[in-house]
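**Student:** Have a look at the structure that comes next, please.
The values are calculated or read from the model by the stated rules, or taken from the named source; none is laboratory data. Keep in mind that what you see is a predicted model, and the values were worked out from it rather than measured. Note that we place each Cβ from the backbone using ideal geometry, even for glycine, and neighbour counts take in every protein chain shown. Surface accessibility is based on the protein's heavy atoms, side chains included, excluding ligands, DNA and RNA. Shrake-Rupley method; radii C 1.70, N 1.55, O 1.52, S 1.80 Å.
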Amino acid sequence: MNYGFVIDGRKCIGCHACTVACKSENQVPVGVNRTWVKYVEKGKFPATRRYFTVLRCNHCEEPPCVDICPVEALRKREDGIVDFDGRRCIGCKACAQACPYGALYIDPESHTSAKCNYCAHRKEVGLKPACVVTCPQQAIVSGDLDDPQSEISKLVATEQTSVRRPEKGTSPNMFYIKGDGAALDPLQTQDGRPYLWSEQSRGVGHFAGKSHSESPRQHRAAHLQDDPSMPRKVYDIPSKGVVWGWEVPAYVWSKGISSGLFMLFFMLTVVLSLQLPDEMQWSTWGISLAFLGLTGGFLIKDLDRPDRFQSVMLRPQFRSWLVRGGYIIGGYGAFLALWAVGKLLGLPAVEQVALWGGMFFAFMTSIYTAFLFGSARGRDFWQSPLMPFHMLLTSLVAGGAAMMLLMVLFGAPDILVGLLRWGLAAGVALNAVIMVSELFGRHPSKQAEAAAHQISAGALKSQFWVGAFLLGCLLPFFIFVWSSSLPLLSLGSILSLGGIYYAEKLWVRAPQLVSVS
């Protein structure tokens, strides 16, 4: 079997019976929805028309939410239904970032992910989903797409249908007859105008005040203008409040400091064969370990069910880069501990093994987040091929800034300070080039373009150009190039560290301001 849905736009009257039936059947809390109806209007009065679109999980053939889930809380059943198990979910919200259709939400009572599961409990006893039996117009058709005699299979075979975002390669099993393009693609509508529930875009009920959206006008897509003749959204649900907050850029920042510092330590002691003072070696080790521990703390803090964090290691789903990243961080921490053992016991061979192993895991720690972001297929801006270089370079700059502060503190030789100073100048400049390239280069989709616009010329432009670019890149670059003063080098290092956090915060936030539903 391969269950799916057909939404017949010729019949839907926008009555919300499906929404109410779903809420009643599945005890969906206030403020969130598993299925909902969006209204879009086209034309200019008096020649206007309203389109109704039912939105929910698409039960994809290749569901990205399943691949990114670290604990197998989401799974694709043999009958094609993408189901969830709230008993396993750790509330990492990665599935919500991976879904190109905005179908997942965090249940405000259980603090775990939930979505439409095709009323699996009803299907198992031979009943249709609640929305199907409730629809007064029979506009929602469910059934087995692999059965050529089923009603849904005949509709898909004989009617012209469309799906949402086919370019994502998920092969959705939710088909629309007479599905309007502006209703299926949120970037074709104007979010700048008020609509029903737009005044509650910060969430309602359990999610009041928890959304990332301050104003629908503030986050209008880059290419849209205020034009009354353009399609406009006039009814939609409030935001579900699903968002990666400050903890995620903080974890990127802290692991960058830890991994970058150790990589530079390896380069100085192994590649360049320089002998650093013992107090500086131990300080490098201690800061790397401390910031690695801080990374784990930020990751746990971001979970809505932190009491289940150990499931990532004990019940892993190895296709998820959250799991792979957890093991990479664990391996890095193990080699840090091994280096300390070798140093304390005076075992140079153990130190060398720890340095080489630590270098490999530090490198992987610095870049694996790029692949995690890449698997979040609902956020096109993160699909940039420059993302691994972005992560590696920010780690090296962050580590270099931390190393510079250590050198100033412990009085390193001038030649070593000068070498690091010019390396930081080059790193900061290259980091600025990569950021600008990500913003103004070619983008894979309108969603990615809209996210880049939010940073470069939209709601986040002041924060980027002043905080991340001017204070975080340009000013440190001039300091590193034109000054050898230790206080100024310390200031440049601190500004670089602040700029990296600020930039990562914007890189995480901006794609989440672009609507996917």
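**Student:** Within the range 69-84, track down each residue that is in a loop (DSSP other than H, G, I, E, B), more than 20 Å from Q512 (Cβ to Cβ) and touching a Leu at 6+ places or on another chain (Cβ under 8 Å).
**Tutor:** G80
So that you can scan it fast, the table gives a plain yes or no per residue for (1) under 30 Å from T35 (Cα atoms); (2) modelled with pLDDT under 90; (3) open to solvent by 50 Å² or more (accessible area, probe 1.4 Å):
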residue	(1), (2), (3)
P216	yes, yes, no
P228	yes, yes, yes
L261	no, no, no
S288	no, no, no
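**Student:** Same structure again: Only residues that are among the aromatic types (F, W, Y) and open to solvent by 10 Å² or more (accessible area, probe 1.4 Å): list them for the range 310-367, please.
**Tutor:** Within the range 310-367, F318, W321, Y327, F335, W356, F360, F361, F363 qualify.
**Student:** Would you be able to say whether some residue in the range 58-65 is at pLDDT 95 or above, more than 26 Å from L303 (Cα to Cα), open to solvent by less than 40 Å² (accessible area, probe 1.4 Å) and of a type in the set (D, E, K, R)?
**Tutor:** no
**Student:** Please enumerate the residues belonging to the range 6-38 that are under 29 Å from the mean Cα position of the chain (by Cα), open to solvent by 30 Å² or more (accessible area, probe 1.4 Å) and either under 22 Å from A183 (Cα atoms) or charged (D, E, K, R) (or both).
**Tutor:** K23
**Student:** Next question, about the same structure. In the range 414-427, is there at least one residue being at pLDDT below 95, in contact with a helix residue (DSSP H, G or I) (Cβ under 6 Å, 6 or more places away or on another chain) and among the aliphatic types (A, V, I, L, M)?
**Tutor:** For the range 414-427, residues at pLDDT below 95, in contact with a helix residue (DSSP H, G or I) (Cβ under 6 Å, 6 or more places away or on another chain) and among the aliphatic types (A, V, I, L, M): present.
**Student:** Can you tell me how many residues in the range 34-68 are more than 18 Å from D8 (Cβ to Cβ), touching a Leu at 6+ places or on another chain (Cβ under 8 Å) and assigned to a loop (DSSP other than H, G, I, E, B)?
**Tutor:** 2
**Student:** Could you go through the range 86-107 and let me know if any residue there is over 17 Å from the mean Cα position of the chain (by Cα), among the hydroxyl-bearing types (S, T, Y) and either at negative phi or open to solvent by 10 Å² or more (accessible area, probe 1.4 Å) (or both).
**Tutor:** Checked against the condition, which is being over 17 Å from the mean Cα position of the chain (by Cα), among the hydroxyl-bearing types (S, T, Y) and either at negative phi or open to solvent by 10 Å² or more (accessible area, probe 1.4 Å) (or both), the range 86-107 yields no hits at all.
**Student:** Hey, among the residues in the range 160-184 that are of a type in the set (A, V, I, L, M) and open to solvent by less than 30 Å² (accessible area, probe 1.4 Å), which one's farthest from the chain's Cα centre (by Cα)?
**Tutor:** Once the filter is applied, the top-ranked residue is I177.
**Student:** Show me the helices (runs of 4 or more DSSP H) entirely contained within the range 363-476 in which 3 or more residues are more than 20 Å from A503 (Cβ to Cβ) and without any contact (Cβ under 8 Å) to a residue 60 or more places away in the chain.
**Tutor:** Where helices (runs of 4 or more DSSP H) fall fully within the range 363-476 and carry at least 3 residues being more than 20 Å from A503 (Cβ to Cβ) and without any contact (Cβ under 8 Å) to a residue 60 or more places away in the chain, they are 414-440.
**Student:** While we're here: Which numbered condition in (1) crowded, with 20+ Cβ neighbours inside 10 Å; (2) within 28 Å of W246 (Cα to Cα) is the only one that E72 fails?
**Tutor:** Looking at each condition in turn, E72 falls short on (1).
**Student:** Pull out all pairs, ordered by first then second residue, where Cβ-Cβ is under 8 Å, the residues are six or more apart or on different chains, the first lies in the range 319-336 and is touching a residue at least 60 places away in the same chain (Cβ under 8 Å), and the second is assigned to a helix (DSSP H, G or I) and of a type in the set (D, E, K, R).
**Tutor:** Qualifying pairs under 8 Å: R319/D67; S320/D67; I329/K255.
**Student:** Oh, and also: Checking Y251 against (1) at pLDDT below 85; (2) crowded, with 18+ Cβ neighbours inside 10 Å; (3) of a type in the set (F, W, Y), which test does it fail?
**Tutor:** Of the numbered conditions (1) at pLDDT below 85; (2) crowded, with 18+ Cβ neighbours inside 10 Å; (3) of a type in the set (F, W, Y), the odd one out for Y251 is (1).
**Student:** Ok, one more. Checking the condition touching a Phe, Trp or Tyr at 6+ places or on another chain (Cβ under 8 Å) and either free of Cβ contacts under 8 Å to residues at least 60 places away in the same chain or within 29 Å of D147 (Cβ to Cβ) (or both), which residue from R56, R87, R49 passes?
**Tutor:** R56
**Student:** I'd like to check something: does the range 386-398 contain any residue that is closer than 26 Å to A448 by Cα, open to solvent by less than 20 Å² (accessible area, probe 1.4 Å), hydroxyl-bearing (S, T, Y) and in contact with a Ser or Thr (Cβ under 6 Å, 6 or more places away or on another chain)?
**Tutor:** Yes, because at least one residue in the range 386-398 is closer than 26 Å to A448 by Cα, open to solvent by less than 20 Å² (accessible area, probe 1.4 Å), hydroxyl-bearing (S, T, Y) and in contact with a Ser or Thr (Cβ under 6 Å, 6 or more places away or on another chain).
**Student:** C135: hydrophobic (A, V, I, L, M, F, W, C) and under 28 Å from I90 (Cα atoms), yes or no?
**Tutor:** no
**Student:** Let me ask you something else. If a residue must be part of a helix (DSSP H, G or I), more than 26 Å from K505 (Cα to Cα) and in contact with an Asp or Glu (Cβ under 8 Å, 6 or more places away or on another chain), how many such residues does the range 289-341 contain?
**Tutor:** Final tally of qualifying residues: 1.
**Student:** For Q512, all conditions in the list (1) more than 22 Å from the chain's Cα centre (by Cα); (2) open to solvent by less than 10 Å² (accessible area, probe 1.4 Å); (3) farther than 18 Å from H390 by Cα hold save one; what is the number of the exception?
**Tutor:** (1)
Residue by residue, here is whether (1) under 19 Å from the mean Cα position of the chain (by Cα); (2) open to solvent by less than 50 Å² (accessible area, probe 1.4 Å) holds:
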{"position": "G411", "(1), (2)": "no, no"}
{"position": "I415", "(1), (2)": "no, no"}
{"position": "G418", "(1), (2)": "no, yes"}
{"position": "W422", "(1), (2)": "no, no"}
{"position": "G427", "(1), (2)": "no, yes"}
{"position": "L430", "(1), (2)": "no, no"}
{"position": "A452", "(1), (2)": "yes, yes"}
{"position": "A459", "(1), (2)": "yes, yes"}
